[in-house]
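For reference, the structure is listed below as structure tokens.
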Amino acid sequence: GQVLELLRGVQRGSEDRKRSLGRLRWALQNKETQQKFVRLDGSIRTLTGLFTSSLADMQMEAARCLHELSHSSDPAVAETCLPVTSYLLTYLSGHSVEFTELCLYTLGNLVVESEAVRKQLLPQGIIPVLASCIQSPHEAVLEGLGYVLSQLLQAKEAPTEIIPLVLDSVLPQHILRLVCSGLKTGIGVAVEFAWCLHYIVCSHAANAALLSLGALPALTSLLFDLASEIPQDALEGLELLVCPVLRCLSNLLAEETGYEVQVQDERLLIALFLILQYFLQQHPFIGQECLWLLNNLTADKPFFCSALLSLDLLPALLQLLPCSQMASVLVLTVLCNIAEKGPAYCQQLHWQPALPLLLPTLRLPDPEVVGQCLELLHLLFLHWPEAAADFIKQGGHQALEQHQSTPELQERARALLDMIRQTLGASAFSPCRATLSAF
């Protein structure tokens with residue numbers, strides 16, 4: 001009844017039509033009203049007619065009604081809006097900033113809910129239309145555009161149907177530009193496009209194109225800028241930008257590309273540790289992203305392993321060991337990356353008292369953390385036997401023996417005990433009274 005009355009008020013064409021549209025818009029914020037409205041005969045046709053009329057204020061009210069409908073989580077509601085999609089695209093060029101912004105968010109909402117809408121928008125040319133809008137000088141338009149694009153890029157068919165079209169357009173270089181000028185164009189715009197970049201990078205097929213556009217040095221430079229913001233009053237929402245930027249760098253570096261030389265800059269480590277320490281308490285997920293990136297930086301190339309030691313960042317890294325299960329595993333993985341580089345590196349790890357911190361870790365009840373710890377000890381003892389002697393003096397063998405009954409760890413724990421015996425001889429395990437009397 002009430003919904004039908006609202007529709008009739010809108011259809012009558014009287015003086016009150018604008019007021020009726022306003023009332024309809026408020027009513028459409030209700031889920032049930034949305035579903036009732038789209039079932040009424042001629043409802044969407046009427047809205048589409050007003051949306052395409054020559055009266056700007058009517059058009060704006062109709063756009064607001066469509067925007068309310070687009071918020072529905074019911075795909076059936078989104079699909080009844082199919083006839084409007086081509087007009088929404090047409091209106092992205094021209095009109096007022098507020099109207100363009102409304103059209104963008106309506107499109108973005110429809111795209112999320114319905115595969116049918118996405119299938120219709122691609123042949124209608126949504127990607128070229130977005131590419132032509134991306135040079136808009138208006139922050140509000142750019143933010144809305146980033147929203148639409150990030151929704152499209154998360155669709156299940158994105159890797160095969162959407163990302164190839166994006167790569168064939170001018171979008172990638174503009175996305176990179178908007179992310180990297182983030183602190184100038186506005187953090188909201190940068191955040192939307194940083195997530196767009198992240199979804200593109202995750203498809204892997206795009207990485208060669210992004211690397212050739214200079215994505216690695218550009219994102220590295222942005223990370224320096226973000227880290228330099230930190231000591232002052234950090235910008236609100238800075239962590240929302242830091243997170244996708246770290247992920248993009250991690251994913252781009254995870255591939256063997258030959259582009260890694262572009263980021264061989266010690267300042268990247270300093271920036272990472274500044275970000276890590278600033279966000280760790282409030283936003284632990286940022287700490288994990290930093291450690292992932294640190295893992296990818298130290299994995300194969302000795303450059304960042306040497307830099308980490310020469311910049312004296314090891315104590316700061318070791319302090320993160322007890323932070324969380326995930327942090328422990330990642331810190332130990334980074335330490336393994338360093339130890340793998342050979343004796344000189346293991347000697348440094350031994351000198352920078354890593355062992356006393358590893359013992360409590362070794363006693364944890366978490367097989368994944370302990371397993372990574374055993375891997376690190378194996379590398380240390382292999383390349384720097386003095387570390388094994390120290391380990392025994394500190395009671396390490398008891399911690400190892402405790403894991404001989406843990407099914408997934410027992411073989412490795414035994415292998416490590418055998419390794420110590422071979423390195424130091426059986427006497428290593430007899431209680432050493434000399435050390436006790438020294439106390």
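Positive end of the dipole of the stretch 74-177, charges at C-beta (+1 Lys, Arg; -1 Asp, Glu), about the Cα centre: which of 86, 148, 174 has its Cα farthest in that direction? It is 174.
Highest GNM mean-square fluctuation among 335, 21, 249, for the chain modelled with Cα contacts below 10 Å: 21.
Centre-to-centre, using Cα atoms only, the stretch 97-169 and the stretch 364-383 are separated by 47 Å. Each label was represented as a point 7 Å from its Cα along the Cα-to-Cβ direction; for residue 19 and residue 366 these points are 6.4 nm apart.
Annotation: extensible slack from residue 52 through residue 299 equals 83.2 nm (criterion: 0.36 nm per residue apart, minus Cα-Cα distance).
Would you kindly give the portion of the calculated P(r) for the stretch 1-89 that falls above 23 Å, as a percent of all Cα pairs?
Details: 460 of 3916 pairs.
The share of Cα pairs beyond 23 Å in the stretch 1-89 comes to 12 percent.
Shape analysis of the chain yields a ratio of the Cα radius of gyration to the Kirkwood radius, Rg/Rh, of 1.15.
Taking the stretch 175-276, which GluC sites (Glu not before Pro) meet the DSSP loop condition and have no more than 10 other C-beta atoms within 10 Å? Passing sites in the stretch 175-276 are 236, 256.
The value of relative contact order for the stretch 1-89, using C-alpha pairs under 8 Å at least six residues apart, is 27 percent.
Under the rule of -39500 (n - 2.57) per DSSP H run of 4 or more residues, summed and divided by the residues of the chain, what mean residue ellipticity at 222 nm is obtained, to the nearest 500 deg cm²/dmol?
Mean residue ellipticity at 222 nm (helix-derived): -21000 deg cm²/dmol.
For the chain, lysine pairs separated by 8 or more sequence positions, or belonging to different chains, with Cα-Cα distances below 27 Å total 8.
Rounded to whole Å, give me the distance from the Cα center of the stretch 294-363 to that of the stretch 28-56. Between the Cα centres of the stretch 294-363 and the stretch 28-56 lies a distance of 61 Å. Take the Cβ atoms of residue 86 and residue 228, set R0 to 51 Å, and the FRET efficiency comes out at 0.65.
For the chain, carbon and sulfur atoms together expose 53% of the accessible surface, with a 1.4 angstrom probe and every protein chain in place.
Magnitude of the Cβ-charge dipole of the chain, K/R +1 and D/E -1, about the Cα centre, nearest 20 debye?
660
Specify the angular offset, from 0 to 90 degrees and rounded to the nearest 10, of the alpha carbon long axis of helix 187-202 from the longest principal axis of the alpha carbons in the chain. With both axes taken from Cα atoms, the answer is about 70 degrees.
The values are calculated or read from the model by the stated rules, or taken from the named source; none is laboratory data. Quick caveat, the model's predicted, so the values are computed rather than measured. Don't worry about glycine lacking a Cβ; one is built from the backbone with ideal geometry, like all the others, and counts go over all protein chains shown. Note: areas computed on protein heavy atoms with side chains; ligands, DNA, RNA excluded. Shrake-Rupley method; radii C 1.70, N 1.55, O 1.52, S 1.80 Å.
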